[in-house]
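Some notes on the structure that comes next.
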Amino acid sequence: MAIIHFQASEEDHRTAKLTAFAIGLHLIESAFPSPIPGVKPGLANIVILYVLARYGIRTAAWVSLLRVFASSLLLGQFLSPTFLLSLSGAIMSLLALMLANRLPKQHFSVISLSILAAFTHIGGQLTVVRLLLIPHASVSYLIPIFGLAALFFGVVNGLITARLLFAEQQ
């Protein structure tokens, strides 16, 4: 029997550490009740935005998707509706960030990227809710509530990320 030896690179170690941090934030956040079902601050997104700014979209995608899968396993939600919502939100926000990352940097701060990611995240989730979970037009009544939450938490998470990046430069 052949033994396959995998040598982890420095980038692999960094990605694992950042993913673990994102998972930890997600687990802490999941312990607190939400005043409105489905509305959470998305603290793990601070890590994703930080990784995007420091290491690029490829590493940010790895950290984001690994966080979704690992957190769902740890919380017993793998392949549940909650997992589908989290995965769809992560994929949509990553796609938006990937597209925005190709535009001139002077037009997008980490705060505007955070707002964009928050809106596309909730858009992906509401799409899954409408198509798979609650196939009824009344889901559209949730758009203003979730839109305000996305704007608020997008700004807050973006400000926190901007502060982290600024502090790192000092």
Quick check: residue separation of S112 and A16 times 0.36 nm, minus the Cα distance between them. What number comes out in nm? 31.9 nm
If you find the alpha carbon centre of region 20-57 and of region 83-139, how far apart are they in angstrom? 14 Å
If you bin the C-alpha pair distances of the chain every 5 Å from 0, what whole percents do you get? 1, 8, 16, 21, 20, 14, 9, 5, 2, 1, 1, 0
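In whole percent, what relative contact order does region 13-169 give with Cα contacts below 8 Å and a gap of six or more residues? The partial results should precede the final answer.
Working: 174 pairs, mean separation 39.2, N = 157.
Once divided by the residue count of region 13-169, the mean separation gives 25 percent.
Could you tell me the relative contact order of region 48-141? Use alpha-carbon pairs under 8 Å, at least six residues apart, and round to a whole percent.
After rounding, I find 28 percent.
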Diffing region 139-154: the Karplus 3J(HN,Hα) column from phi (6.51, -1.76, 1.60, θ = phi - 60°), in whole Hz with x for Gly and Pro, holds 4, 5, 5, 7, 4, x, 5, 5, x, 5, 5, 4, 5, 4, 6, x
With N residues in region 42-126, Rg(alpha-carbon) / (2.2 N^0.38 Å) equals 1.06
Counted charge near L94, where neighbours are those whose Cβ lies closer than 15 Å (Asp, Glu -1; Lys, Arg +1): +3
How large is ³J(HN,Hα) for each residue in region 43-55, as worked out from phi by the Karplus curve 6.51 cos²θ - 1.76 cosθ + 1.60 (θ = phi - 60°), to whole Hz, x for Gly and Pro? 4, 5, 5, 4, 5, 4, 5, 4, 4, 4, 5, 8, 10
If you line up the Cα atoms of region 1-99 on their principal axes, what length do they span on each, largest first, in Å? 51, 35, 21
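Laboratory data are not the source of any read-out in this text; all were calculated from the coordinates shown. Fair warning: this is a prediction, and the values are worked out from it, not measured in the lab. As a convention, Cβ positions derive from the backbone with ideal geometry for all residues, glycine included, and neighbour counts pool all protein chains shown.
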